[in-house]
Amino acid sequence: MATTQLGRLSFGRYPTPVHPIAALSAPGCDLWVKRDDLTHEVYGGNKVRKLEYLLGEARAAGATRLVTVGAAGSHHVLATTYFGKIAGFAVEAILVTQPRTEHAVEVLKASLALGVRAFPARSWAAASWALARRIAAGSRFIPLGGSNVTGTMGYLDGARELAAQVRAGAMPEPDVCVVALGSAGTAAGLAAGFSEARMKTRVVGVCVARPPSLSRALAIDLARGCARRANIDAGDVTGRWRLAFDTRFLGVGYGHATLSGDEATRDAWEGAGLVLDPTYTAKTFAAALWQVRARREPVVLYWHTLSSAPLRPLMTGAEYEPSHDFLLQALFGPPPSS
């Protein structure tokens, strides 16, 4: 792990690859993927770019203990725990209940195995009170999804990286980039970076949480803040032609699987060898496939944000604690009867 001149810690392996998905392309529309699942060999995904800035800032501020917040199966909480531990921080997390899926349970187990100090909360309102108490006790706050202006700068870097790959001939310039929209930092940073690079690429954020209006507002606010920090024209960054939103694949809400997401998961595996999760990437890939089938744009880029590294190695050597079972039941409810 290295520290850059700007205080950003260096965790990731860049540039992440881009390649076409010929099996899922259509006449007149080529589907490509940006493999941010490969940002790190142990735990990759989109949180790595954000945490490089956020943990660098925390270290510069002299923090020794971090606190973040997320749903029970939050990849952000797992990433903060893993990279926070590497950087020498103790990590706490306020965790909110969510629907039980095998994947979400595995993510929480990995976070617990890595040593996160977890505080369960029954609602987001209760989480805010618990978070305030931990901050008052001296923990430094790492925002939901790593998405404040500091974290969003990681995806300004991501857009610059893609622009360099386009210039080098690794892929054609995308007409549209489809990415998950949860805490909004990834989509916002990409919109700012594509604007800075004077690319034609339009970002489509696929809403995965309710209310979608909140995700839209967060994305626009973060894109503007990122643009100001990087001295980019904020008007271009947040125009509808640059940053658009797709709510059609959300389904019941956060954490709930959808039929279109299940179909996209099958297609992604069979057509490209990509593994998706039901909360974020399945819905996003379904939206990318819609873009291809609609054939409105010649080049569609799906930005893959889920770590492809297996979770099981993160649990190696962890000691069983009875409190883990209590947390699992408190956050997901009892396991289904066999």
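The values are calculated or read from the model by the stated rules, or taken from the named source; none is laboratory data. None of these values were measured; they are calculated from a predicted model. Virtual Cβ from ideal backbone geometry, glycine too; neighbours counted across all protein chains shown.
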**Q.** Candidates 225, 235, filtered to the one that is closer than 15 Å to residue 151 by Cβ and not basic (Lys, Arg)
**A.** 225
Q. Restricting attention to segment 104-127, and to residues there that are without any contact (Cβ under 8 Å) to a residue 40 or more places away in the chain and in a helix (DSSP H, G or I), which single residue is surrounded by the most Cβ atoms within 10 Å (Cβ to Cβ)?
A. 111
Q: Only residues in segment 69-88 that are within 20 Å of residue 135 (Cβ to Cβ) count as the first member; pair them with residues that are polar (S, T, N, Q), Cβ under 7 angstrom, at least 6 apart or cross-chain, and list the lot.
A: 71/98; 76/68; 77/68; 77/111; 80/68; 81/111
Q | Boolean, residue 183 is polar (S, T, N, Q), under 25 Å from residue 244 (Cβ atoms), in a helix (DSSP H, G or I) and touching a helix residue (DSSP H, G or I) at 6+ places or on another chain (Cβ under 6 Å) | A | no
Q | Pick from segment 186-204, criterion assigned to a strand (DSSP E or B) and aliphatic (A, V, I, L, M), ranking: farthest from residue 261 (Cα to Cα) | A | 203
(Q) Between a residue in segment 182-195 that is surrounded by 24 or more Cβ atoms within 10 Å (Cβ to Cβ) and charged (D, E, K, R) and any residue that is at pLDDT 95 or above and outside any loop (DSSP other than H, G, I, E, B), which pairs come within a Cβ distance under 6 Å, given they are 6 or more apart or on different chains? (A) none
(Q) Here is a list: 81, 68. Which entry is assigned to a strand (DSSP E or B) and in contact with a strand residue (DSSP E or B) (Cβ under 9 Å, 6 or more places away or on another chain)? (A) 68
Q: Looking only at segment 115-135, decide whether some residue is outside the structural domain of residue 282 (by TED's automatic domain parsing), of a type in the set (Ser, Thr, Tyr), more than 16 Å from residue 307 (Cβ to Cβ) and touching a Gly at 6+ places or on another chain (Cβ under 9 Å).
A: no
Q. Is there a residue being in a strand (DSSP E or B), under 23 Å from residue 193 (Cβ atoms) and either β-branched (Val, Ile, Thr) or in contact (Cβ under 8 Å) with a residue 24 or more places away in the chain (or both) anywhere in segment 35-52?
A. yes
Q. What are the pairs, 6+ residues apart or on separate chains, where a residue within segment 203-224 that is closer than 19 Å to residue 285 by Cα has its Cβ under 6 Å from a residue that is among the aliphatic types (A, V, I, L, M) and part of a loop (DSSP other than H, G, I, E, B)?
A. 207/250; 215/184
